[in-house]
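The values are calculated or read from the model by the stated rules, or taken from the named source; none is laboratory data. Values in this document were obtained by computation on a predicted structure and should not be read as measured data. Cβ atoms come from the backbone with ideal geometry, glycine included; neighbour counts cover every protein chain shown. All accessible areas refer to the heavy atoms of the entire protein, side chains included, with ligands and DNA or RNA removed. Shrake-Rupley method; radii C 1.70, N 1.55, O 1.52, S 1.80 Å.
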Amino acid sequence: MTPAPRIDKAVRHIAMIGNFLPRKCGLATFTTDTYNALRESFPDLRVDVYAMDDHPGRYAYPPAVTAAIPQNDRGAYLATARVIEASGAQALWLQHEYGIFGGSAGDHILALLDRITLPVIVTLHTVLEKPNADERRVMEALLRRAARVVVMAERGREILTRVYGAAPRQIVMIPHGVPDRTFADTAIFKPRFGWQGKQVILTFGLLAPNKGIETLIEAMPTIVAAHPAAHYMVLGATHPNLVAHEGEAYRDRLKALAVERGVADHVSFIDTFVDHEELIDYLQAADIYATPYSNPAQITSGTLSYAVGVGKAVVSTPYVHATEILADGHGVLVDFADSDAFAREIIALLASDHDRERLSARAYARGRTMIWPCLAAKAVGEIAAIIAQAPRRIASSQAVLPPLAPDLTAVERMSDATGMLQHAIYSVPDRRHGYCIDDNARALMLVAKMDDLPEAVVDKWMTIYAAFVQHAWNPDARRFRNFMRFDREWCEDIGSEDSNGRALWSIATVVRHARLRKHRDWAMALYDETASLALDLGSPRAQAFAMLGAAEILACVPGHAMAIKTLERFSADHLVLLAEARRPEWEWFEIVLAYDNARLPEAMIRAGLALGRDDLVATGLSTLDWIIAQQTSPEGRFRAVGTESFGRAYEPPLPFDQQPLEAQATVEACSAAFDATRDPRWIDEALRAYRWFLGANDHDLALTTVHDGGCFDGLTPVGLNRNQGAESILALQLASCAISALSKHRESVAGGTRAVA
C-alpha cells in the first residue's frame, strides 16, 4: 500500500459539495471515494460533506454527510452557505456536474458561492466545448469565483482557456482517482461470478443510450464465431433519469437486439448498482474492458479510470478521456460505432494471452500514478496553496475616512433631461432599466436639502426631478406611477405603495426645504392634490414614508388637516402592530425584518414631535434602540440587516447582502432621535452608521468613491457589489446631508450652546 502523504498543517478543515452514496451515480461514487481518500491519507483533516439531493428523504446518508442540499430549493443553498461560513472551514471543494444543481444550467450553486468568503476549488466533471448561453454563463461564473479549477484531462484545460477564456494558472490537471489494488490474475475472481471457462468482455456504468452498448452487441456475432467462450457482461443499473422517463424500455431494446443477432446466450445484463469493492472484483474478473461510448466530448469516465487502475486491457472509442489515458500504447482505440473494429481488436486480444497481459501491465503501471492517495495529496496541496493565497482582511484599526460633504457629481452622472436612471453597470448608467419615481423622489429630496449648491444648479435639477414626480401622478387612478422605460413610456398605471408613500414624502420635503419659492409653491399644490392617497396605504413602510412627509408639512403649515390625520391614523396603527408583534426579545412592529427598517421608529419620533405626543416619541426611541442593537456586529460596528434576512419570522438578522439604504435610514432616524432628546449619544449612533459607507464595516471596505460622490451598491459575502445605482448614490448623499447637519449640532453642544433643530 502507498504510504500516507504528509498534510500541510495549515489545512485543517474543508467543506465539500457533491453527490454522495447511497445516491446511485458516478459522481456520488467519486465524491465518496474522494472523501474516503482524504480521511485515510489525512486523518487529522476535518471534511464536512454537503450532499446534493435530487429526492429529499430518499437516501439514508452515512454520518460522513454533514447535511443534504435539496437540488431545487434555492433557499437551501443560501442556508448551506451560512452553515459553511459559520463552520470554520478554510476552503470549499465543489464537485461540479451539469444536472445535479437546480436552476438554469445549475445556477443555484452560484447563489451559494456568492455568499461564502472561503477560497473555492472546483473539480469539473464535464467541460462543454459548445455550451448554450446558460451553460456558458454558469461556467464563466464558476471560473471567476474559483481560486483553482481541477480538470481530469488535458483537453479540459485547453477547452477552458480557448472557449471560456480561463486563466491557465488557475487550472490544474489531476487524473480521476483509482483504487489501490494488487495486479491479479482474472482466474482468481471469475469463480465468484460463475465466469469460469468464459472469456469476459465487461462494460460497467449506469445504462443509458450514450454508452454505445449496441455497438458491442453488433460485434458479438463475429467475436463469438472466433472465440465461442466469449461473453459480453453489461454491468450496471439503468440510469435513474431514464427509468423515470421510460422505465426499462432501453434495457429491453438491448436484450431484443442480442436475441435478433443470435448472441443472447453470450450477452448478459447484470442489473444492479454495485458497491466499490464488488465493482473492483468484477473488473478484476474480466479479460477485456470495453467503453464503446458514443459522445466524443466525454472528458471524464470514472469506469475507464477504474479499469486502467486495476490493469485491464481496454478497447474504447476515442472520446476525450480515452484518447489521453490510453495514449502511448496503454489501450486500444477504435472509431465510434465501428462494430467491425471492436470485433477485430477484441478477437486479437483474446487470441493472444501474451499481448493482452502486456497491455494489462502497461495499463496497471499508468494506474499507479492515479490511485486515490495521489489524488488526495495533489488536491490538498492545491487547497493549501489557495488558503495561503487568500487575501487577508485589513486590520479593523485602519483609518476610516472623515465624513464627506454632500456631492452632486455622481447624481448628475446618473441623470439626464428626463430624470435619474435606476441602475448602473459599474459607474455607467444602464439605460435598459429606465427610471423610477423612488429614485427621482430621493433625488428631489437631496437637491432640496443641499445648502451649498449654486442656485442655477438647484433650479435645473429640482425642475427635472419635480417634473418626473409631477408626470408620474395619474389623476384618474389617484396614484403615482413608478417605473418608466428609457423611451419615456410608463410601465404601469399605478406604482407600488412604497413608491407612492415616498413620492408624498419627497413633495413635502420640497415644501419645507426648497430654497426657491416657486418650487415650494409647486410642491404645496401637488401635496394638497395628492395627500389623501396616503389614507389608503396598507404597507407599514409606505405609511411611515407618508408620516415623514406629513411631519414636514406640519413643520411649515401648522394645523394642516390631512397631515394631522395621516400622522394620527398611522401612528395609532403602528402602535397596534407593535403590540401584536412584540415579544420579550422582539421590540418591533413586524414579526420579520425587511428593508429601510429604521424608517418605522423614525416616523414614530417625527409624529410624536409634530403632534406633541411623548408616548409616540418614547415608542420610536425604544424601537430605534432595538433595531440598532440588531444592526451591530460583535465588533461594535454598524452591520446593515442583510437582504437574506427578509421574511424570517422572529429570527435575528443575517449579515449579507448589506445595502446602503439601511445605513442612510439609520443615520436619519438617529437625527430624529437627537431632535427629540438632544442626547449626543444619537449623534454617535448616526456617525457609527455613516462610517459604514467609509469602511467601518464587515469587510473594512469603503463603499464611497470620494472623488465623485459615488457609492457601490452593497456588501456581499465576498466583497463589494461594484455597481453604482441611483439608490446607493442617493443613500450616501442624503446620509451626508444628515451628518453635516448633526456635526453642526455637535459643535454647538461642545461649545456649551444647545442648538435648535
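Of the two radii for segment 10-93, the radius of gyration is 0.96 times the Kirkwood radius, both from the alpha carbons; that is the Rg over Rh value. Highest mean packing comes first when the peptides 129-142, 75-88, 681-694 are listed by Cβ atoms within 10 Å, giving 681-694, 75-88, 129-142.
For a paramagnetic label modelled on residue 586 (point 7 Å from Cα along Cα→Cβ), amide N atoms under 13 Å away belong, within segment 640-678, to 647-653.
Gyration tensor over the Cα atoms of segment 635-715: the corresponding equivalent ellipsoid has semi-axes (square roots of 5 times the eigenvalues, largest first) of 21, 19, 11 Å. Applying 1/(1 + (r/R0)^6) with r as the Cβ-Cβ distance of residue 622 and residue 132 and R0 = 51 angstrom yields a FRET efficiency of 0.40. Per Stokes-Einstein, at 20 °C and 1.002 mPa s, what whole-number D in µm² s⁻¹ belongs to segment 64-222, with the Kirkwood radius over Cα pairs as the hydrodynamic radius? Once the numbers are plugged in, D ends up at 113 µm²/s.
Leaving out ligands and nucleic acids, and using a 1.4 Å probe, what accessible area per residue does segment 54-202 come to in Å²? All intermediate terms of the calculation are to be shown ahead of the outcome.
Values: 6180 Å² over 149 residues.
Computed with neighbouring chains in place, this is 41 Å² per residue.
Expressed as a whole percent, the accessible area of the chain that falls on carbon and sulfur atoms is 52 (1.4 Å probe). Between the listed residues 28, 146, 133, the Cα displaced farthest toward the positive end of the dipole of segment 1-146, a dipole computed from Cβ unit charges relative to the Cα centre, is found at 146. Ranking 103, 50, 697 by how far each Cα lies toward the positive end of the dipole of the chain (charges on Cβ) leaves 697 at the top. The order of the peptides 110-120, 723-733, 28-38 by mean Cβ neighbours within 10 Å, most packed first, is 723-733, 28-38, 110-120. Computed about the Cα centre, the dipole magnitude for segment 47-119 is approximately 120 debye when only Lys and Arg (+1) and Asp and Glu (-1) carry charge, each at its Cβ.
Between residue 648 and residue 718, the contour length at 0.36 nm per residue exceeds the Cα-Cα span by 22.9 nm. DSSP beta bridges confined to the chain are antiparallel in about 30 percent of cases. The Kirkwood radius of segment 491-629, taken over pairs of alpha-carbon atoms, gives through the Stokes-Einstein law at 4 °C and 1.567 mPa s a diffusion coefficient of 85 µm² s⁻¹. Placing unit charges on the Cβ atoms only, positive for Lys and Arg and negative for Asp and Glu, gives the chain a dipole magnitude near 1200 debye about its Cα centre. Ordering 731, 72, 741 by Cα displacement along the dipole of the chain toward the positive end leaves 741 in first place; charges were set at the Cβ atoms of Lys, Arg (+1) and Asp, Glu (-1).
If R0 equals 60 Å, the separation of the Cβ atoms of residue 451 and residue 336 corresponds to a calculated FRET efficiency of about 0.20.
The distance between label points at residue 594 and residue 492 comes to 1.3 nm (points 7 Å beyond Cα on the Cα→Cβ vector).
Looking at segment 602-667, the GluC sites (Glu not before Pro) that sit in a DSSP loop and have at most 15 other Cβ atoms within 10 Å of their own Cβ are 635.
The charge dipole of segment 239-314, taken about the Cα centre with unit charges on the Cβ atoms of Lys, Arg (+1) and Asp, Glu (-1), comes to about 340 debye, rounded to the nearest 20. Among 528-538, 379-389, 145-155, sorting by the average number of other beta carbon atoms lying within 10 angstrom of each residue, highest first, gives 145-155, 379-389, 528-538.
Cross-link list 198/312; 449/518; 460/518; 460/744; 24/211; 198/255: which exceed 24 angstrom alpha carbon to alpha carbon? Pairs exceeding 24 Å: 460/744.
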